[in-house]
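To start, the structure under review is shown below, and the notes come after it.
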Amino acid sequence: MTASAWRLRRAGAADADAIALVAGATFLEAFAGVLDGADIVAHVARNSSAASFKRYLAEGAIATLAEIDPGDAPVGYTLLTAPDLPVEAEQGDIELKRIYVLAPLHGSGLGAALIARALDDARDAGGRRMLLGVYGGNRRAHRFYEKQGFAVVGERRFLVGATWHDDRVYGRVV
């Protein structure tokens, strides 16, 4: 897969199956060998089903889908929602609830393009600050978000399956 072969587009309810496919695959890629396998399966079934994404979108979430040519296969996505993080809320907060890219495209610029699109979408929606939560042990993600201008603004405990994990909460002005 090459960087020039992907493109971004706004996703809607009709894309819920594609988003769910990428969500499950990328969560497994990111956390296999880190989290318990049964916890991964339970988490994906509960939080990354097509029905979950349809619900988010019906509630006003903004989703972007990354697709690759040829064939328009889904390879990444973002999901912006109202914030649900344990930090002091500020006027204009928006949460980057999900951002994932399939591993073969890491380092291709797709992640940065998805962040840029999410920032534009947040700004267009009246957002002033973007927040996101990330697994505390994911050093690669920490470096990526910090390179994109995010800074740690808090912490949270996050349940995956039956196991609690410590996350960092990042924020940045949009």
Report task. Check Tyr170, Tyr100 and return the single one that is hydroxyl-bearing (Ser, Thr, Tyr) and closer than 16 Å to Gly76 by Cβ. Result -> Tyr100
Report task. Kindly indicate which of Leu85, Leu65, Leu79 is more than 22 Å from Gly12 (Cβ to Cβ), touching a residue at least 40 places away in the same chain (Cβ under 8 Å) and surrounded by 12 or more Cβ atoms within 10 Å (Cβ to Cβ). Result -> Leu85
Report summary line: Flagged in region 12-38 as out of contact with any helix residue (DSSP H, G or I) (no Cβ under 6 Å at 6 or more places or on another chain), surrounded by 15 or more Cβ atoms within 10 Å (Cβ to Cβ) and closer than 22 Å to Ala118 by Cα, in numbering order, are Asp15, Ala18, Leu21, Val22, Ala23, Ala25, Thr26, Ala30
**Report entry** Check on Asp39, touching a strand residue (DSSP E or B) at 6+ places or on another chain (Cβ under 6 Å), among the acidic types (Asp, Glu) and part of a helix (DSSP H, G or I)
**Finding:** yes
Query raised in the report: List the pairs whose first member sits in region 20-48 and is within 18 Å of Leu105 (Cα to Cα) and at pLDDT below 95, whose second member is assigned to a helix (DSSP H, G or I) and of a type in the set (D, E, K, R), and whose Cβ atoms are under 9 Å apart, counting only residues at least 6 apart or on separate chains?
Result: Phe31/Asp39
Query raised in the report: Can you tell me which residues in region 26-36 are assigned to a helix (DSSP H, G or I) and of a type in the set (A, V, I, L, M)?
Result: Leu28, Ala30
Query raised in the report: In region 49-71, how many are at pLDDT 95 or above and not in a strand (DSSP E or B)?
Result: 13
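The values are calculated or read from the model by the stated rules, or taken from the named source; none is laboratory data. Just so it is clear, the model here is predicted, and its values are computed rather than measured. Please note: Cβ atoms are built from the backbone with ideal geometry, for glycine as well, and neighbour counts cover all protein chains shown.
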